[in-house]
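Since the structure comes first, as structure tokens, the remarks are kept for the end.
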There are 2 protein chains.
Amino acid sequence: MSIEKFQYSQADREAIYRVIEERRDMRHFSGGKVKEDTLLKLLKAAHHGPSVGYMQPWRFIRITKPELRQSIHSMVNKERLLTADALGSRSDEFMKLKLEGILECAELLVVFLTENRQQHILGRRTMPEMDLASSACAIQNLWLAARAEGLGMGWVSLFDPAELATLLRLPKGSSPIGIFCLGPVDNFYDKPMLESTGWDTRKNLQDLIYENTWSDI
Amino acid sequence: MSIEKFQYSQADREAIYRVIEERRDMRHFSGGKVKEDTLLKLLKAAHHGPSVGYMQPWRFIRITKPELRQSIHSMVNKERLLTADALGSRSDEFMKLKLEGILECAELLVVFLTENRQQHILGRRTMPEMDLASSACAIQNLWLAARAEGLGMGWVSLFDPAELATLLRLPKGSSPIGIFCLGPVDNFYDKPMLESTGWDTRKNLQDLIYENTWSDI
């Protein structure tokens with residue numbers, strides 16, 4: 001039987017389910033460093049992500065200049081205040097959340113979608129956003145590998161993409177999709193931070209599964 | 001040191017890197033079945049994906065009616081022909097590729113983004129597409145878990161999303177993001193199929209990494 005032939009050992013499967021359950025979106029970092037060869041392994045894991053039409057749209061920027069890190073932090077803080085305004089009644093609750101660790105994390109990365117993506121039509125004629133989907137899969141690889149290495153990562157999307165593109169002199173037609181804080185942490189959260197803080201609850205999986213159609217009407 | 005404290009054992013890390021490297025976007029399936037409890041484990045892995053503002057936007061439809069599977073196959077085949085037209089000079093090469101296994105796979109799933117997503121503002125005020133990014137991360141979890149279980153999966157994005165939403169009676173404001181073929185396979189591809197067939201080559205990782213800015217000008 002082909003399933004058994006290709007199935008990983010129980011120990012290996014357990015490691016894979018464990019990393020999926022223990023990965024967290026981290027906002028608290030303890031400084032330190034990420035070894036060069038570890039960082040490269042993580043980026044290689046990302047580069048093994050799936051990509052629509054094999055376009056490999058992901059590009060990585062490693063932020064090493066302290067003043068650039070500071071500018072990115074200011075940009076995110078500006079968007080944090082604008083988001084607080086937009087949240088209305090939940091504004092105060094929101095302002096108490098720690099949503100990034102840009103100044104404390106060992107490594108700061110920005111991921112963007114390359115320019116000239118319109119030439120890739122396979123799987124994207126009606127679904128052009130599959131370039132983002134592919135890159136998010138790649139980032140999930142990186143995230144899981146980081147957790148296995150004992151490193152935390154957080155995906156920050158509190159920014160104006162046009163402003164970030166200008167700051168990093170990205171090519172015309174490219175799109176930044178996230179600012180990533182990566183590095184050693186003092187502790188991994190037991191649960192998603194937005195669950196522990198009461199921002200929202202984990203949904204019941206059974207409520208998210210349908211058969212054949214969403215509506216039977 | 002916190003890194004060592006949280007780092008997984010070498011065997012566990014190797015399993016995680018291995019599944020990341022061995023996962024493939026599969027289009028050839030060998031029929032058979034996926035056990036109910038395995039399917040649930042895979043969906044649970046997906047549900048442990050990260051989500052912007054903890055919105056958990058992913059919804060899963062399991063297609064069990066043969067006539068619905070047939071309709072989805074016809075829909076994908078129609079888009080395949082339209083894509084071939086749009087590809088111009090690569091049309092013949094494209095038409096030789098096998099791009100889905102809808103009629104052969106053990107399980108057919110559709111994933112869609114829930115309706116009423118506009119109420120989730122945290123991390124999405126300027127980046128509304130983060131709902132798709134979160135769901136793609138969730139799908140990558142499922143994909144890796146499936147590979148570890150010895151099951152292949154393929155993400156098909158050759159369809160008109162409005163047409164698929166109508167067919168599955170999705171709620172207004174929701175968005176289907178993929179048709180997923182899942183099940184036993186005779187073999188996993190050694191390399192991505194679009195690499196083996198010469199559609200495109202794997203890019204050099206070093207060419208995708210920049211420091212501080214894309215352009216030094």
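The values are calculated or read from the model by the stated rules, or taken from the named source; none is laboratory data. Small disclaimer: the values here were computed from a predicted structure and weren't measured. Every residue, glycine among them, receives a Cβ derived from its backbone with ideal geometry; neighbour counts consider all protein chains shown. Heavy atoms of the whole protein, side chains included, go into the accessibility calculation; ligands, DNA and RNA do not. Shrake-Rupley method; radii C 1.70, N 1.55, O 1.52, S 1.80 Å.
Computed values, structure above
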{"quantity": "Region A:16-35, subset open to solvent by less than 20 Å² (accessible area, probe 1.4 Å) and closer than 17 Å to residue B:142 by Cβ, residue farthest from the other protein chains (Cβ to nearest Cβ)", "calculated": "A:23"}
{"quantity": "Count of region A:146-169 residues which are more than 7 Å from every other protein chain (Cβ to nearest Cβ) and closer than 16 Å to residue B:212 by Cα", "calculated": "5"}
{"quantity": "Residue identified as touching a residue at least 40 places away in the same chain (Cβ under 8 Å) and either closer than 20 Å to residue A:177 by Cβ or open to solvent by less than 50 Å² (accessible area, probe 1.4 Å) (or both) among A:87, A:82, A:39", "calculated": "A:39"}
{"quantity": "Region A:135-171 - residue that is farther than 20 Å from residue B:111 by Cβ and β-branched (Val, Ile, Thr) and, of those, surrounded by the most Cβ atoms within 10 Å (Cβ to Cβ)", "calculated": "A:156"}
{"quantity": "Residues located in region A:123-134, provided they are at the interface with another protein chain (Cβ under 8 Å from one of its Cβ atoms) and either at pLDDT below 95 or under 19 Å from residue B:111 (Cβ atoms) (or both)", "calculated": "A:123, A:124, A:126, A:127, A:129, A:130, A:132, A:133, A:134"}
{"quantity": "Residues of region A:172-185 satisfying the condition of being within 8 Å of chain B (Cβ to nearest Cβ) and open to solvent by less than 10 Å² (accessible area, probe 1.4 Å)", "calculated": "A:177, A:178, A:184, A:185"}
{"quantity": "Enumeration of residues in region A:184-197 that are closer than 22 Å to residue B:114 by Cα and either touching a strand residue (DSSP E or B) at 6+ places or on another chain (Cβ under 7 Å) or modelled with pLDDT under 95 (or both)", "calculated": "A:192"}
{"quantity": "Which numbered condition residue A:50 misses (of (1) within 30 Å of residue B:154 (Cα to Cα); (2) open to solvent by less than 50 Å² (accessible area, probe 1.4 Å); (3) within 7 Å of another protein chain (Cβ to nearest Cβ); (4) in a helix (DSSP H, G or I))", "calculated": "(4)"}
{"quantity": "Single residue of region B:90-111 satisfying the filter (over 19 Å from the mean Cα position of the chain (by Cα) and open to solvent by 30 Å² or more (accessible area, probe 1.4 Å)) that is nearest to residue B:187 (Cα to Cα)", "calculated": "B:96"}
{"quantity": "Residue count for region A:118-131, restricted to those that are assigned to a helix (DSSP H, G or I) and surrounded by 18 or more Cβ atoms within 10 Å (Cβ to Cβ)", "calculated": "2"}
{"quantity": "Any hit, region B:193-215, residues being loosely packed, with under 14 Cβ neighbours inside 10 Å and assigned to a strand (DSSP E or B)", "calculated": "yes"}
